[in-house]
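Novice: The structure that follows is given in the form of structure tokens.
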Amino acid sequence: MHLALPDARDPAPLLDRTLHEWGGHGPLWLFAYGSLIWKPDFDPAEQRPAQVMGWHRCLRMRSRINRGTPEQPGLVLALVRGGSCHGLALQLPPAQAEATLRQLWLREMPTGTYTPRWLRCQTPQGPLRALAFTLDKHSPAHVGALADHDLLHILRHAQGRYGRTLDYLVQTEEALRRHGITDRHLARQVRLARQHQLL
């Protein structure tokens, strides 16, 4: 399917590059900071609490397929430079690591908007290298800071093939709390939705 979107890139070369960088040797880890925490779509061989430095989680990426449409874009989380981020390191099943990553690519990279990067994660068992889906601030998909009324409009109306932006926000914030992770920005956005009777 051809997507004539301003923030679209061909995801296939990005997958080829990522697989080449991994090399097929040793475990393949993902850094989960959003929906991969509560809906990885695979059974991790191992899971660890993890932190990356120099990147932070924010609801700043325009979504025209998964959580919105070209006419009413939604928002999804992205990992953007600056600060730090707590999440989970998930090890893909070794025997199916490449096949699992190819399936995840269809979900996470439908328009190639994220920039996949290998990041150093600190875990209780020691550091490891994990693949993370990041977003450059100069990307057309990076929306920047939103006024509350703009965010509320998106939370009220944006819905894509995987559901509403609002549900995505709430499910992620709840999943983070279940893992003992506090994200004050997401918590504030959920409170805002409740205050305006969206929940």
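None of the figures in this text is laboratory data; all of them are computed from the coordinates on show. Everything numeric here is computed off the predicted structure, so don't read it as measured data. Cβ coordinates were reconstructed from backbone atoms using ideal geometry, including for glycine residues, and neighbour counts include every protein chain displayed.
Novice: Can you tell me the equivalent ellipsoid semi-axes for the range 75-120? Use √(5λ) from the Cα gyration tensor, largest first, whole Å. Mind showing how you got there, number by number?
Specialist: On the way: eigenvalues 89, 51, 16 Å².
Over the Cα atoms of the range 75-120, the ellipsoid semi-axes are 21, 16, 9 Å.
Novice: Is it possible to state the helix-based mean residue ellipticity at 222 nm for the chain, with each DSSP H run of 4+ residues giving -39500 (n - 2.57), the sum divided by total residues, to the nearest 500 deg cm²/dmol? What is it? Mind showing how you got there, number by number?
Specialist: Working: 6 runs with 64 residues, N = 199.
Calculated at 222 nm, the ellipticity per residue is -9500 deg cm²/dmol.
Novice: To continue, here is another question. Using only Cα atoms, find the angle between the long axis of helix 165-178 and the longest principal axis of the chain, and express it within 0 to 90 degrees, rounded to the nearest 10.
Specialist: For helix 165-178, the angle is close to 50 degrees.
Novice: Out of residues 5 or more away from Arg60 or on other chains, whose amide H comes under 5 Å of its own, with H placed 1.01 Å from N in the peptide plane?
Specialist: HN-HN under 5 Å from Arg60: Val76, Ala78.
Novice: Helix 97-108 versus the longest principal axis of the chain: what is the Cα-based angle in degrees, 0 to 90, to the nearest 10?
Specialist: 10 degrees
Novice: Over the residues of the range 129-199, compute the C-alpha Rg and express it relative to 2.2 N^0.38 Å. Each step should come with its number before you reach the end.
Specialist: Working: Rg = 13.5 Å, N = 71, 2.2 N^0.38 = 11.1 Å.
With N residues counted in the range 129-199, Rg over 2.2 N^0.38 Å equals 1.22.
Novice: Which loop trypsin sites (Lys or Arg not before Pro) in the range 79-166, with loop taken from DSSP, have no more than 16 other Cβ atoms within 10 angstrom of their Cβ?
Specialist: Details: sites: Arg81, Arg102, Arg107, Arg117, Arg120, Arg129, Lys137, Arg156, Arg161, Arg164; in loops: Lys137, Arg161.
Counting only loop positions with at most 16 other Cβ atoms within 10 Å, the trypsin sites (Lys or Arg not before Pro) in the range 79-166 are Lys137, Arg161.
Novice: Right, next: Helix 184-195 versus the longest principal axis of the chain: what is the Cα-based angle in degrees, 0 to 90, to the nearest 10?
Specialist: 30 degrees
Novice: Further question on the same structure: So what is the relative contact order of the chain, in percent, for Cα pairs below 8 Å that sit 6 or more residues apart?
Specialist: Details: 355 pairs, mean separation 53.7, N = 199.
Computed value for the chain: 27 percent relative contact order.
Novice: Follow-up. Can you pull the percent of Cα pairs in the chain with separation above 22 Å?
Specialist: Details: 9179 of 19701 pairs.
Pairs farther apart than 22 Å: 47 percent.
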